[in-house]
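Participant: Just dropping this structure here.
The values are calculated or read from the model by the stated rules, or taken from the named source; none is laboratory data. Given the structure is predicted, the values throughout are model-derived calculations rather than measurements. In this analysis, Cβ positions are derived from the backbone assuming ideal geometry, glycine residues included, and neighbour counts consider all displayed protein chains.
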Amino acid sequence: MNHDLILRNGHVIDPSQNIDGPAEIAIKNGIITEIKKSFPVSPEIPTIDLTGKYVCPGLIDLHGHWYEGSSYGIDPNGCLNDGVTTVIDAGTTGFVNFQHFRRHTIDSAKIEVLAFIHIGGIGIPTTLLGELEDLRYARPRETSQVINKHRDVALGVKIREGIMSGEHGLKALDYAVMASQKSDLPLMVHISQGAETPKILDRLKAGDIVTHCFQGRGDGILTQPSGPLLTNVTEARKRGVFFDVGHGCGSFCWETARRSFEYHFYPDTISTDLHRFSIDRFTKNLPTTLSKFLHLGMSLNDVISKSTLIPAQVIGRSDQLGTLKTNTIADIFVFEIEEGEFKFEDTHMCTEIGKYRIKPSLVLKAGEVIHSGQIEVRLRELFDCDKEYYQRIEGSA
Ligand SMILES: [Zn+2]
C-alpha cells in the first residue's frame, strides 16, 4: 500500500502549485505522497470525503505571541482548531527568556512554533511599561548570539517602534538592524503611534518585514491626515520589504485598509497578532482575519496565498511549509465558506457586515487529523491592570 490516507472530493487551493480546483491528496507517515485529480477506488485505504469543502496548506500565522511567561502570551496549540499549523512568535522573548520559551513551548508544542527574537533582552513582558523605554535593554550582541545558537527555530530580530520604544526609537532601531546584520536574518518592525515611520522604512532592506501595516492610530503607512501612501512605503516595497497585517487589538482599521487598496497597496501577508488581549474580542483567529479581507474584496485564492505560500517565502521555509507539494509535511487545512450575515469588527470598534466567512472543519498536523474545537484553549486569568488596558484600547479608538 502506497498511502495510508486519501483526502477525496475537496476543492484544493494551493497557490504554490497554481492549483485551484478539484483534486485529491494522498498521505503516508505524515508526508504528502501524491496530489492529483483523483485516485482509483481502493477500499483498503482509509479516506476522508471532503465534498463541498475547500482544502489548502496548513495556515501560517506570521505574527502572534506564544510565550506564556509574558502577560501577552497564549498557548499556541489552540490555533490548530483554526487551521493554523505554523505560528510565528513576534518577539515576545528576548535573549534572556528565549531559552525558557524554547524549552517549555517551542520544543513541546504540537503546532510548529518559530520565533523572531526581540532586540530588548526581556522581550515584551507586560502592558505596564514599554520594553524599550530604557535603551539599556537593547542588546544587539546577545540577541544575535541567541539567534545564531537557535537558527533552526529563530527567524530574525523583532522591534516595536512607538511609545514602547520611548524617546529613542531610531537609536533602538540601529541596534535591531545591527543584530539583524550580525545574524544575517530579517528584521520585523512593528509600527504604531509615535513611530517615525518614514525614517524607519528608509532603513529597511529586502526581506525585512513591517507589521501592523493597516493600523489607523497615526504614524502608519499613509500621509496624514488623509493623504496618499508615503513614498517611503512604495520605495520600501520596491526594495523587497514585506508588509504584514498583524491585526491585534489596536492595529487593524477598515479605513486604512480601504485607502491603501485605492493606491493598489495590498498586504504581502495576513496575520493575526493573536495574544491575550486580542484573542477574546478583536482578532479571534486567523480564519476570521482572512474573512475580513474577503469582505474587503480580496479573492479566496489571494487570502490563502497570503497565509500560506507568501509567509513561507518570507521566513525562507517555502520548500517545506505553506505548500501541498509531494514529499512535504502533511499540514493541511479543510474549511467551508459559509454564506450569511457576519459581523466583523476592526480595532476601532467599527462593525461591518460580511457575506462570507471561512469556517474551519479540520486540520491535519503532520498527517494527524484534528477536528475544529478539539484542542482545549486555556487562557490565563485577567487582573485589574489587564482590564484597564482593555479600557485604554476602547478609549483610544
Ligand atoms: Zn504583536
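Participant: Restricting attention to the stretch 58-79, and to residues there that are away from the ligand (no atom under 11 Å from the Cβ), among the aliphatic types (A, V, I, L, M) and in contact with a Ser or Thr (Cβ under 9 Å, 6 or more places away or on another chain), which single residue is farthest from Leu364 (Cα to Cα)?
Facilitator: Per the stated criteria, the residue is Ile60.
Participant: If you check Ile332 against the conditions, is it farther than 30 Å from Leu187 by Cβ, buried (at least 23 other Cβ atoms within 10 Å of the Cβ) and at pLDDT 95 or above?
Facilitator: Details: farther than 30 Å from Leu187 by Cβ: yes; buried (at least 23 other Cβ atoms within 10 Å of the Cβ): yes; at pLDDT 95 or above: yes.
Yes, satisfied.
Participant: Where in the stretch 128-237 are there strands (runs of 3 or more DSSP E), lying fully within it, with 1 or more residues that are more than 23 Å from Glu112 (Cα to Cα) and within 16 Å of the ligand (Cβ to nearest atom)?
Facilitator: 154-161, 187-191
Participant: Further question: Counting just the residues of the stretch 107-116 that are within 16 Å of the chain's Cα centre (by Cα) and without any contact (Cβ under 8 Å) to a residue 60 or more places away in the chain, which one comes out nearest to Arg141 (Cα to Cα)?
Facilitator: In this case the residue turns out to be Ala115.
Participant: Condition test on Gly194, is it more than 30 Å from Lys359 (Cα to Cα), surrounded by fewer than 22 Cβ atoms within 10 Å (Cβ to Cβ) and in the same structural domain as Glu167 (by TED's automatic domain parsing)?
Facilitator: Judged against the criteria, Gly194 is a match.
Participant: Ok, one more. In this structure, does Val55 turn out to be more than 13 Å from the ligand (Cβ to nearest atom), of a type in the set (A, V, I, L, M, F, W, C) and either part of a helix (DSSP H, G or I) or farther than 23 Å from Ala154 by Cβ (or both)?
Facilitator: yes
Participant: Return the pair list, or none, for Cβ contacts closer than 8 Å from residues in the stretch 20-48 that are of a type outside the set (Val, Ile, Thr) to residues that are at pLDDT 95 or above and surrounded by fewer than 11 Cβ atoms within 10 Å (Cβ to Cβ), at least 6 apart or on different chains.
Facilitator: The qualifying pairs are Pro22/Lys37; Ala23/Lys36; Ala23/Lys37; Glu24/Lys36; Glu24/Lys37.
Participant: Testing Pro40 on (1) at pLDDT below 95; (2) assigned to a strand (DSSP E or B), one condition comes back false. Which one is that?
Facilitator: All conditions are met except number (2).
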